[in-house]
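Accompanying notes for the structure given below.
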Amino acid sequence: MHNKIKDITLCAICTSILIVQEQILSILPNIQLTIFLMVVFSKKLGLVRTIIIIACYTLIDGLIGGPFNIIYFLFMLIGWLIIPVLLCTVFKKVNSPLYLALLGVMFAFIYSWINIIPNLILTSANIISYLAADYPFELILAASSFLSILWLYEPIERVFKKIYK
């Protein structure tokens with residue numbers, strides 16, 4: 001029973017951290033700690049807990065962002081869930097901050113590309129125009145993910161080891 005309460009509390013705190021950091025950094029275009037945090041959660045909390053955190057985060061993010069849209073929600077959820085699924089399976093043995101940072105770049109592009117689909121469906125935008133306009137923001141997300149993982153992964157990993165034993 002104690003472990004279930006601890007897990008629920010930890011998932012709630014991690015979800016809150018994701019939401020708060022996104023809101024605080026929302027004044028900066030695509031500069032966020034979301035991918036970094038999802039990488040940390042995936043590596044330290046495992047697949048199931050991270051899926052719960054991401055599902056709650058995506059739902060709340062959809063509600064905060066305005067009228068909830070199921071199409072955006074599903075594509076965002078898929079885009080974010082790729083991170084823990086790959087880190088807990090294919091890249092399970094990758095623990096180096098440099099390699100995780102490189103994976104963070106890949107996750108940024110995958111997430112961005114997955115979200116092209118609902119944007120084109122809902123806005124009927126020209127795909128070439130959309131890609132041209134979106135590419136600088138994809139680069140910013142990739143760079144912020146790379147740097148945050150490279151610089152912050154080890155210090156936060158040590159904090160997780162102390163807190164979650």
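The values are calculated or read from the model by the stated rules, or taken from the named source; none is laboratory data. Fair warning: this is a prediction, and the values are worked out from it, not measured in the lab. Cβ atoms come from the backbone with ideal geometry, glycine included; neighbour counts cover every protein chain shown. Just the protein is used for accessible areas: all its heavy atoms, side chains included, with ligands, DNA and RNA removed. Shrake-Rupley method; radii C 1.70, N 1.55, O 1.52, S 1.80 Å.
Of the peptides 63-76, 137-150, how do they stack up when ordered by the mean number of other Cβ atoms within 10 Å, highest first?
Top of the packing list down: 137-150, 63-76.
Order these peptides, 88-94, 127-133, by their mean beta-carbon neighbour count within 10 angstrom, highest first.
On the way: 88-94: 12.6, 127-133: 10.9.
Most protected by this proxy first, the peptides run 88-94, 127-133.
Once both axes come from the Cα atoms, what is the angle between helix 70-87 and the longest principal axis of the chain, in degrees from 0 to 90, rounded to 10?
Between the helix axis and the principal axis of the chain, the angle is about 50 degrees.
Tally up the carbon and sulfur contribution to the accessible surface of the stretch 1-125 as a whole percent, 1.4 Å probe, everything protein left in place.
On the way: 4840 of 6470 Å².
C and S fraction of accessible area: 75 percent.
With axes computed from alpha carbons, what is the tilt in degrees of helix 2-25 against the longest principal axis of the chain, rounded to the nearest 10 within 0 to 90?
40 degrees
Compute a Gaussian network model of the chain, connecting alpha carbons closer than 10 Å, and tell me which residue from P97, P29, P84 fluctuates the most.
P29
Count of lysine pairs in the chain with Cα atoms under 12 Å apart, counting only pairs 8 or more residues apart in sequence or on different chains?
On the way: K6/K165; K43/K92; K43/K93; K43/K161; K44/K92; K44/K161; K44/K162; K44/K165.
Lysine pairs meeting both conditions in the chain amount to 8.
Just the number please: accessible area per residue for the stretch 100-165, 1.4 Å probe, all protein chains included, in Å².
Per-residue accessible area for the stretch 100-165 comes out at 57 Å².
Quote the convex hull volume per residue of the stretch 28-121, based on C-alpha atoms, as a whole number of Å³.
Convex hull volume per residue, Cα atoms: 98 Å³.
I'd like the orientation of helix 34-64 relative to the chain: the angle between its Cα long axis and the longest Cα principal axis, in ° from 0 to 90, rounded to 10.
With rounding to tens, the tilt is 50 degrees.
With every protein chain kept in place and ligands, DNA and RNA left out, what is the accessible area per residue of the stretch 5-59? Probe 1.4 Å, answer in Å².
Details: 2410 Å² over 55 residues.
Roughly 44 Å² per residue, with all protein chains present.
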